[in-house]
Amino acid sequence: MDGLRQRFERLLEQRNLATEALGALEAKTGVDKRYLAAGATTLLSLYLLFGYGASLLCNLIGFVYPAYASIKAIESPSKEDDTVWLTYWVVYSLFGLAEFFSDLLLSWFPFYYVGKCAFLLFCMIPGPWNGARMLYRRVVRQLFLKHHEAVDSVMRDLSGRALDVAAGITRDVLQALAHSRALIAPVAVVEGPPLPSEPTIAKVSVTQLQQDK
């Protein structure tokens with residue numbers, strides 16, 4: 001119990017968006033930020049149990065702050081934070097893929113969203129007990145090192161087939177366009193005799209009148 005309390009206090013001493021917000025509330029209210037954090041966690045758990053939109057709230061927790069922290073990591077000169085959040089997104093994507101197939105069953109359990117939110121927070125907390133880093137090193141990395149050559153071979157095969165199909169479709173379209181152009185016959189322009197000009201008509205009319213007289 002003391003170990004968990006010490007970890008919780010060390011977590012509150014780190015500088016991030018959540019601890020800065022807790023520090024500002026502590027300065028305004030005079031309430032210790034440990035109690036503020038415990039109260040916020042309790043309210044969040046109760047809302048996930050009985051509130052409306054628990055799924056949306058879980059997705060916001062797992063996406064909004066990590067996206068903000070990832071942007072800060074990209075803009076910072078250090079590469080260590082880039083690795084931290086890249087690891088989180090790898091684990092988050094695999095978790096989302098697994099959840100896609102199990103959500104219809106697990107979402108009926110009363111503590112599902114509480115557990116999901118706790119898991120996402122576990123994956124994004126800083127420090128040596130970061131859940132995403134632990135899962136990556138113990139599970140994802142082992143699977144990657146074991147199967148990445150086979151996956152690369154399959155991806156190369158699929159990309160080669162896709163390029164062959166695209167080239168075949170392009171060739172068929174060009175041949176169809178060339179064939180349709182060959183079937184269109186040129187339209188001949190028929191030119192009639194030139195019309196006489198006005199001075200010629202006037203001259204002919206005067207000469208004919210003189211002959212009639």
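The values are calculated or read from the model by the stated rules, or taken from the named source; none is laboratory data. None of the values given here were measured: they were computed from a predicted structure. All Cβ positions, glycine included, derive from the backbone under ideal geometry; neighbour counts span all protein chains shown. Ligands, DNA and RNA are stripped out before the accessible areas are found, and what is left, the full protein with its side chains, is counted by its heavy atoms. Shrake-Rupley method; radii C 1.70, N 1.55, O 1.52, S 1.80 Å.
What to note about this one:
- P(r) weight above 14 Å for the stretch 77-151, C-alpha pairs, percent: 67 percent
- Set 79/146; 33/79; 72/116; 33/72 screened for pairs whose C-alpha atoms are more than 28 Å apart: 33/79
- Peptides 27-33, 56-62 ordered by average Cβ neighbours within 10 Å, highest first: 56-62, 27-33
- Solvent-accessible area per residue, Å², over the stretch 88-174 with all protein chains present [probe radius 1.4 Å]: 74 Å²
- Protein accessible area in the stretch 50-141, 1.4 Å probe - carbon and sulfur %: 74 percent
- Applying the Kirkwood pairwise sum to the alpha-carbon positions of the stretch 58-100 produces a hydrodynamic radius of 10.9 angstrom.
- Net charge dipole, the stretch 36-162: roughly 240 debye, given to the nearest 20, about the Cα centre with Cβ charges of +1 for Lys and Arg and -1 for Asp and Glu.
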